[in-house]
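Chemist: Dropping a structure here in structure tokens format, bear with me for questions.
The values are calculated or read from the model by the stated rules, or taken from the named source; none is laboratory data. All figures in this text were calculated on a predicted structure; none of them were measured in a lab. A quick note on method: Cβ atoms are made from the backbone with ideal geometry, for glycine too, and the neighbour counts reach across all protein chains shown. The protein model used for the area step is the full one, side chains on, heavy atoms only, and it has no ligands, DNA or RNA in it. Shrake-Rupley method; radii C 1.70, N 1.55, O 1.52, S 1.80 Å.
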Amino acid sequence: MLTDLELRQALQQTLDGLAVESQTLDEIWQKQNHIWQEMGWQKAQLSLWLNCQKSIDKETDSDTFIVKGSVNPKAENSSQSLGDILLDMVAELNRPLPVKLALSKLPSHIVATEGMLKSAVKEHPKLTMMGPLIKLA
């Protein structure tokens, strides 16, 4: 299982690849197929994530994604670590938080799977998993 950091790096590499050359959804999907499988994504979810990136445009007449202008793309969900977001959620709730509830309460700009949440908890020094619950360490 890939760590939260590795998954974030893979998403950033996807954007970096688009900065070099435009690519179709199929090309992006096939280049990092193992990442999408690890995250539990289908092509529609990858397309949604790409469409949510402010630095990426989709050509209207094709399924090709391109970087806007000369912008150096940065994954939109990379400003605050997933572990820190989960820490804030658990602290605010003041009790252990079920993973599925945490997934539904993530900010709208964050795209994550249950596996990514569990990985982020394992990596965060102030969080731990207790069965299906995220709690303070």
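Chemist: Can you give me the number of residues within the stretch 124-135 that are assigned to a strand (DSSP E or B) and open to solvent by 20 Å² or more (accessible area, probe 1.4 Å)? Working first, answer last.
Modeler: So the first thing to find is which residues in the stretch 124-135 are assigned to a strand (DSSP E or B), and the list is 127-130, 133-135.
Still in the running and open to solvent by 20 Å² or more (accessible area, probe 1.4 Å): 128-130, 133, 135.
Of the residues in the stretch 124-135, 5 are assigned to a strand (DSSP E or B) and open to solvent by 20 Å² or more (accessible area, probe 1.4 Å).
Chemist: Could you check how many residues of the stretch 95-123 are at pLDDT 90 or above and not in a helix (DSSP H, G or I)?
Modeler: So the count comes out to 4.
Chemist: While we're looking at this one, here's another question. Which residue pairs have Cβ atoms closer than 7 Å, lie 6 or more positions apart in sequence or on different chains, and pair a first residue in the stretch 21-37 that is over 18 Å from E59 (Cβ atoms) and touching a residue at least 12 places away in the same chain (Cβ under 8 Å) with a second residue that is among the β-branched types (V, I, T) and surrounded by 14 or more Cβ atoms within 10 Å (Cβ to Cβ)?
Modeler: Q32/T14
Chemist: How many of the residues making up the stretch 28-72 are of a type in the set (F, W, Y) and farther than 17 Å from E6 by Cβ?
Modeler: 2
Chemist: Taking the stated definitions as given, is K31 at pLDDT below 90 and among the charged types (D, E, K, R)?
Modeler: On the way: at pLDDT below 90: no; among the charged types (D, E, K, R): yes.
Criteria not met by K31.
Chemist: Being β-branched (V, I, T) and either open to solvent by 60 Å² or more (accessible area, probe 1.4 Å) or in contact with a Cys (Cβ under 8 Å, 6 or more places away or on another chain) (or both) is the filter here; which residues of the stretch 15-60 pass it? Steps first, answer last, please.
Modeler: As a first pass, look at the stretch 15-60 and keep what is β-branched (V, I, T): 20, 24, 28, 35, 56, 60.
V20, T60, listed by residue number.
So that you can scan it fast, the table gives a plain yes or no per residue for (1) more than 15 Å from the chain's Cα centre (by Cα); (2) of a type outside the set (D, E, K, R):
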residue: L2; (1), (2): no, yes
residue: L15; (1), (2): no, yes
residue: T24; (1), (2): yes, yes
residue: K31; (1), (2): yes, no
residue: W36; (1), (2): no, yes
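Chemist: I need every pair where a residue in the stretch 119-137 that is free of Cβ contacts under 8 Å to residues at least 12 places away in the same chain has its Cβ under 8 Å from the Cβ of a residue that is open to solvent by 20 Å² or more (accessible area, probe 1.4 Å) and assigned to a loop (DSSP other than H, G, I, E, B), sequence separation at least 6 or different chains.
Modeler: Within 8 Å, the pairs are T128/A137.
Chemist: May I pose another question? Considering only the stretch 1-28, how many residues are at pLDDT 90 or above and in contact with a helix residue (DSSP H, G or I) (Cβ under 7 Å, 6 or more places away or on another chain)?
Modeler: 3
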